[in-house]
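Comments concern the structure below.
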Amino acid sequence: MSTSVAGFFDSIAKYQILGLSDVERLRNSWGKPGREGADDPTKLARWLVVNQNLSAHQAKKILEGKAGDLVFSKFRIKDAVESGPLSGWLIAEDNLQRPVYLEPIASSISSDGVKFQSLKDKVNAAAAFQNPQVTRVIGLLEHMGKHCLVREFLQGESLQSLVKRQARPKPLQVAKLFSLLFQGCAQIRESGLYLGQTSLESFVLTQTGKPGASHKTVRIMDALIDPKLLGLKSSGGANEQETILRLGNAFYELLTLQKPGSNPAPVASLVPETPDMIAEFVDSLISPDEGSRPTSLASAGKQLRVVLAAEEHSLQSEADDVVVAAIVIPSRAASFANDSNDDSEEPLSGADKVLASVQSWLAKMGIATRDLILFTAGALTFLFVIILVLVIFSFDLIPLLCLGLGGAMGYGIERFLKHAESENSTESAPNMN
């Protein structure tokens, strides 16, 4: 069932897909005289999508007369994921605009008591699972006979998109990311939950921590609940060795920006700056010989942590060597420094003695060198102005000169009296010991 232009706007308002004020504004803007195709709802939908008022998913549902599908309990459907491991997931927001993922459950599962109870048990176990590298499962939600799995929404960029952009992180950073992934996957497997596709598309690079002190980490998007339990097709790893191989292929691809293929080239030949131990570890993960790979996900994670610790220790040792080299004093310089410390001070000359005595007197009087310089400069400027006025107007110099000298003497006496007063107050202070 299709809709008209008026019905299109009415559906947006009825299901609160946009605010009422926004609906009226858009209705008036679209209805301006002279607009070509003003009665065509398809053109209206395209116009709203281009101007980012609606998503393509929302526009399609309204055009089909299924605007009610854009509401699920307290959530409003904003968009749908069309491809990748999350294909079919819905992006929704509650009344406070907090986003979540909704994963629809097939009616064949929700209508079957045994299958639906099995799903509930898995959802309860997944909701209790806690790992910082795995997005959370929140629970099940029912609306008008339909059910959805509610998942934590995550904003970030998949590792696959980094490969597409040819944005290769540094080898040590890649190794740290996969160390976290191996730990997360190992804990998922120990809990008996679904591992997901374990591909670069399902690993998302995101920010964690407080604003201003955040850092990047990696998280697994599609784990914990097997799509088969929802009535969907599953492509997760069937066994542990297959999962290790998939993680190794992803590690290799992000590091080299190319897929390993059936006969992969050694990592060191493609990315020479990769530390030897990291390159050898990745080569072992994708080895055709299963016996060359780690025996388990936990073992692989432990081996990678050991490799990283060794690399960081090596880097720290190099840094320490640089610091030590920077503070070593050559022997000739050291002997010169020792000789200079043994030299006795030379006696002061006559001019230096006069300067030292003047500085001592100024310190006793409480007159700073800066004050003396400013006072001298002011006095000279004052005398220059007086002489200039005398030359121009032929005034008598004696009264003005006496005035300036009187001011200078007054300043000196005032400083002397303050100094004497401070000395008397110090001598008369009681002893508190």
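Within the stretch 112-138, if we keep just the residues that are among the polar types (S, T, N, Q) and more than 33 Å from the chain's Cα centre (by Cα), the residue that is farthest from LEU159 (Cα to Cα) turns out to be GLN117.
Determine if the stretch 77-89 includes at least one residue that is under 33 Å from the mean Cα position of the chain (by Cα), part of a loop (DSSP other than H, G, I, E, B) and aromatic (Phe, Trp, Tyr). Yes, the stretch 77-89 contains a residue that is under 33 Å from the mean Cα position of the chain (by Cα), part of a loop (DSSP other than H, G, I, E, B) and aromatic (Phe, Trp, Tyr). When restricted to residues that are surrounded by 19 or more Cβ atoms within 10 Å (Cβ to Cβ) and free of Cβ contacts under 8 Å to residues at least 60 places away in the same chain, the stretch 294-318 contains 1. Mind checking whether some residue in the stretch 6-13 is surrounded by fewer than 13 Cβ atoms within 10 Å (Cβ to Cβ) and among the polar types (S, T, N, Q)? The answer is no, given that none of the residues of the stretch 6-13 is surrounded by fewer than 13 Cβ atoms within 10 Å (Cβ to Cβ) and among the polar types (S, T, N, Q).
Is at least one residue of the stretch 158-171 at pLDDT 90 or above, hydroxyl-bearing (Ser, Thr, Tyr) and surrounded by fewer than 16 Cβ atoms within 10 Å (Cβ to Cβ)? Yes, the stretch 158-171 contains at least one residue that is at pLDDT 90 or above, hydroxyl-bearing (Ser, Thr, Tyr) and surrounded by fewer than 16 Cβ atoms within 10 Å (Cβ to Cβ).
The numbered conditions (1) under 29 Å from SER296 (Cα atoms); (2) hydrophobic (A, V, I, L, M, F, W, C); (3) in a loop (DSSP other than H, G, I, E, B) are all true for ALA167 except (1). Looking only at the stretch 200-219, residues that are at pLDDT below 90 and either of a type in the set (A, V, I, L, M, F, W, C) or farther than 14 Å from VAL134 by Cα (or both) come to 8 in all. Pairs linking a residue in the stretch 157-173 that is closer than 17 Å to LEU315 by Cβ to a residue that is modelled with pLDDT of 90 or more and of a type in the set (Ser, Thr, Tyr), with Cβ atoms under 7 Å and 6 or more positions apart or on different chains, are PRO171/THR274.
Here HIS57 meets the list (1) touching a strand residue (DSSP E or B) at 6+ places or on another chain (Cβ under 9 Å); (2) farther than 30 Å from GLU190 by Cα; (3) surrounded by fewer than 13 Cβ atoms within 10 Å (Cβ to Cβ); (4) not acidic (Asp, Glu) almost entirely, failing just condition (3).
Quick one: would you say LYS176 is among the basic types (Lys, Arg) and either crowded, with 18+ Cβ neighbours inside 10 Å or in contact with a helix residue (DSSP H, G or I) (Cβ under 7 Å, 6 or more places away or on another chain) (or both)? Against the criterion (among the basic types (Lys, Arg) and either crowded, with 18+ Cβ neighbours inside 10 Å or in contact with a helix residue (DSSP H, G or I) (Cβ under 7 Å, 6 or more places away or on another chain) (or both)), LYS176 qualifies. Yes or no: the stretch 139-146 includes at least one residue that is in a helix (DSSP H, G or I), more than 18 Å from the chain's Cα centre (by Cα) and surrounded by fewer than 19 Cβ atoms within 10 Å (Cβ to Cβ). For the stretch 139-146, residues in a helix (DSSP H, G or I), more than 18 Å from the chain's Cα centre (by Cα) and surrounded by fewer than 19 Cβ atoms within 10 Å (Cβ to Cβ): absent. Each residue in the stretch 1-56 was checked for being aliphatic (A, V, I, L, M), free of Cβ contacts under 8 Å to residues at least 40 places away in the same chain and assigned to a helix (DSSP H, G or I), and 12 of them qualify.
The values are calculated or read from the model by the stated rules, or taken from the named source; none is laboratory data. This structure is a prediction, so every number in the text was calculated from the model and none was measured. Note: ideal-geometry Cβ built from the backbone for every residue, glycine included; neighbour counts use all protein chains shown.
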